[in-house]
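Asks: Sharing a structure below in structure tokens format, with a few things to ask.
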Amino acid sequence: MTEHWGFDTRAIHAGQEPDPATGAVNVPVHLSTTFKQDGVGGLRGGYEYSRSANPTRTALQEALAALEQGTSGLAFASGLAAEDTLLRTVCEPGSHIVLGGDAYGGTFRLISRVLARWGVEHTPADLNDRDAVRAAMRPSTRVIWCETPTNPLLNIADIAALAQVAHDAGARLVVDNTFASPYLQQPLTLGADVVVHSTTKYLGGHSDVVGGALVTADAELAEQLAYNQNAMGAGAGPFDSWLVLRGIKTLGVRMDRHQANAARIAEFLLGRPDVAAVLYPGLPDHPGHEIAARQMSGFGGMLSFRLTGGEEAALRVCERARLFTLAESLGGVESLIEHPGRMTHASAAGSPLEVPADLVRLSVGIEDIDDLLADLEQALA
Ligand SMILES: *Cc1c(COP(=O)(O)O)cnc(C)c1O
């Protein structure tokens, strides 16, 4: 039934039928570690122990799969827990990963510091340069890791083209879809093998829960991932799962407002002499605009800009903003401002993934646009 529903209907109903026992309209938070067996091994509904499976987590997982048009969703304690489980499922010591040149700092740290000690190698590549990606591939390459739009430079990668490169080499394309959210982009429909989310961001949407997700339409891989979700123990807890489910219900209406506000702010910044560049894929002269217009149904709520006054000016704007809260993270209803070089991407300093020092990143919230513009105006003045 759910596959015929529109996105917002799936967000509200997929995996979320009223509780058969009570009629409760919302999925209950099943705070139980263990489940009564009707005779030894006689499980009701397959539940046994909550690390292995919990009904609230199951509801979230079904919703995630429906939103990404996959067949299996898995929910984790954080985005990085999801990434770690995925990479230790599809890689082994000696495996190689090709990742985008400006991947999320935590992803880069996981691969370059943690998985490297486990014998996994990696090569950063410009994902917009297909020849460079092909040249980076080795016989041992298991994964091309793609973020689009990227964090914090808002670069766009062509998902369908990268899927082709990955599949030609017998590797998988993984897309971190955190910035777009499934409302704006569904990578599995473009050929990606696995979608990764930090549900901490737009899916949760209210800056009150840390979580992660994997979605795939590959049944064999899904089985291996589910095995490791239990074996490695990084699955999402029931209350966190419930918070993400609650956030998902309003994803569509929130994203519409996030991106309407972001487009207005991009326009405002473009007209200012103290702003050297505005990085937003919705702008017609953004190098990834055409690809974004083709593979996304909107351009999202994230935007970065560079200041003519360099790092000092960037730090000053971050500190002078009042309605935009100076904080890491993104994707919540409230607007945030940050300095990637000193904050979210500090761990990439000195590496090929280092970001410009004059860069400011905005997570544009859903407040009234006039108030957001007035705050930026006074912070830049
Ligand atoms: C936040 C984030 C992650 C990591 O997720 P956590 O929930 O913080 O572990 C991964 N990728 C992107 C693009 C992110 O923004």
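Computed from the coordinates by the stated procedures, all read-outs in this text should not be read as laboratory data. All values reported here derive from a predicted model rather than from experimental measurement. Cβ atoms come from the backbone with ideal geometry, glycine included; neighbour counts cover every protein chain shown.
Asks: Before anything else, pin down the relative contact order of the range 162-266: Cα pairs under 8 Å, at least 6 apart, normalised by residue count, whole percent.
Replies: 23 percent.
Asks: Rounding to the nearest 10 and keeping the result within 0 to 90°, find how far the Cα-based axis of helix 55-67 lies from the longest principal axis of the chain.
Replies: 50 degrees
Asks: Using only Cα atoms, tell me the angle between helix 369-380 and the longest principal axis of the chain; keep it within 0 to 90° and round to the nearest 10.
Replies: 50 degrees
Asks: Quickly rank 300-313, 45-58 as a protection proxy: mean count of other C-beta atoms within 10 Å, highest first.
Replies: In decreasing order of mean packing, 300-313, 45-58 become 300-313, 45-58.
Asks: Related question: Where in the range 363-381 is the amide nitrogen less than 13 Å from a point lying 7 Å along the Cα-to-Cβ axis of ALA260?
Replies: Inside the label zone: 366-370.
Asks: Whole angstrom only: what separates the Cα centroid of the range 191-258 from the Cα centroid of the range 324-376?
Replies: Between the Cα centres of the range 191-258 and the range 324-376 lies a distance of 23 Å.
Asks: Full extension from ALA293 to GLU267: what is 0.36 nm times the residue separation minus their Cα-Cα distance, to one decimal in nm?
Replies: Gain on extension, ALA293 to GLU267, equals 7.6 nm.
Asks: Please determine, in degrees from 0 to 90 and to the nearest 10, the orientation of helix 159-168 with respect to the longest principal axis defined by the Cα atoms of the chain, where the helix direction is its Cα long axis.
Replies: So the helix axis and the longest Cα principal axis differ by about 60 degrees.
Asks: State, as an integer percentage, the relative contact order of the range 99-155 based on alpha-carbon contacts under 8 Å between residues 6 or more apart.
Replies: With pairs under 8 Å counted, the relative contact order is 48 percent.
Asks: Please compute the Kirkwood hydrodynamic radius of the chain from all pairs of different C-alpha atoms, in Å with one decimal. Don't skip to the answer; put the middle values down first.
Replies: Numbers: mean 1/r = 0.0470 Å⁻¹.
It works out to 21.3 Å.
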